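Values quoted throughout were computed directly from the atomic coordinates according to the rules given, and no laboratory measurement underlies them. Please read these numbers as outputs of a predicted model, since none were measured by experiment. Quick reminder, even Gly has a Cβ in these numbers, built from the backbone with ideal geometry, and neighbours come from all protein chains shown.
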């Protein structure tokens with residue numbers, strides 16, 4: 001129970017990696033808030049599973065890409081829970097296309113959802129964390145943000161931007177005892193990868209030294225480490241959870 005008494009907020013926590021992160025934090029004692037945009041039933045199911053661990057868990061409908069929504073969300077979470085110790089910026093989408101076919105809308109949607117949301121939530125969460133002079137902010141980037149990928153220029157740009165943002169926040173907030181780190185997951189067993197054809201999956205496997213996709217809970221365990229006091233002297237870092245892909 002290394003997070004006992006801590007209050008954590010996870011965006012995009014109703015499914016996939018986000019849901020695994022929320023449940024992992026709850027299992028380890030954190031009271032958890034999670035956000036969703038259009039899946040209230042799934043979000044409530046996650047909250048109920050978390051509450052079964054004896055913690056407070058609530059789901060909030062909120063679009064982190066909207067600045068006013070992000071501010072209202074932080075205010076509501078602090079009011080409901082009494083504070084905020086951990087922020088996990090996990091919400092993200094993909095709109096893949098080659099650059100000559102990519103529309104302006106596809107570019108803007110990905111940059112806004114993935115990168116601007118990170119700015120919005122961090123800005124308002126940092127105000128609260130500064131008051132208590134304590135906090136851990138964890139941004140879910142991607143290995144694609146480290147080495148790029150054809151057909152994903154918008155996604156790669158958003159995830160690379162998160163890494164630069166993470167390092168900048170680590171330098172800005174360190175004097176207030178607020179840490180900021182990023183995770184760079186590789187290919188994960190989620191709904192997004194289940195729809196891929198076998199040929200595509202085989203090409204992925206060749207690039208992964210460990211020879212398999214990661215389980216969502218393996219990403220969640222890395223978040224748990226960065227959220228806890230076990231990583232109290234770690235900030236401004238990018239932890240790759242990719243089975244060795246980035247070597």
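Specify the angular offset, from 0 to 90 degrees and rounded to the nearest 10, of the alpha carbon long axis of helix 67-81 from the longest principal axis of the alpha carbons in the chain.
50
For helix 117-132, what angle does its Cα long axis make with the longest principal axis of the chain, in degrees from 0 to 90 and rounded to 10?
30
Nearest 5 percent is fine: what portion of the DSSP beta bridges confined to the chain is antiparallel? Before the final figure, lay out the partial values.
Details: 0 of 27 bridges.
Around 0 percent of the beta bridges assigned by DSSP in the chain are antiparallel ones.
Between residue 225 and residue 204, what is the spin-label point distance in nm, taking each point 7 Å from the Cα along the Cα→C-beta axis?
2.2
What would the Debye formula give as log10 I(q)/I(0) at q = 0.08 Å⁻¹ for the alpha-carbon point model of segment 7-241, no solvent?
Results for segment 7-241 at q = 0.08 Å⁻¹ read -0.27.
How much length is gained if the chain between residue 108 and residue 67 is pulled fully straight, taking 0.36 nm per residue apart and subtracting their Cα-Cα distance, in nm to one decimal?
Separation in residues times 0.36 nm, less the Cα-Cα distance, equals 13.2 nm.
Please compute the contact order of the chain in relative form: average sequence separation of alpha-carbon pairs under 8 Å and at least six residues apart, divided by the residue count, as a percent.
Relative contact order for the chain comes out at 19 percent.
Expressed as an acute angle from 0 to 90° and rounded to the nearest 10, what is the orientation of the C-alpha long axis of helix 153-173 relative to the principal long axis of the chain?
Roughly 30 degrees between the two axes.
Starting from 0.36 nm per residue, how many nanometres of slack lie between residue 197 and residue 171 once their C-alpha separation is accounted for?
Gain on extension, residue 197 to residue 171, equals 5.1 nm.
Between segment 1-35 and segment 41-117, what is the C-alpha centre distance in whole Å?
Using only Cα atoms, the two centres lie 13 Å from each other.
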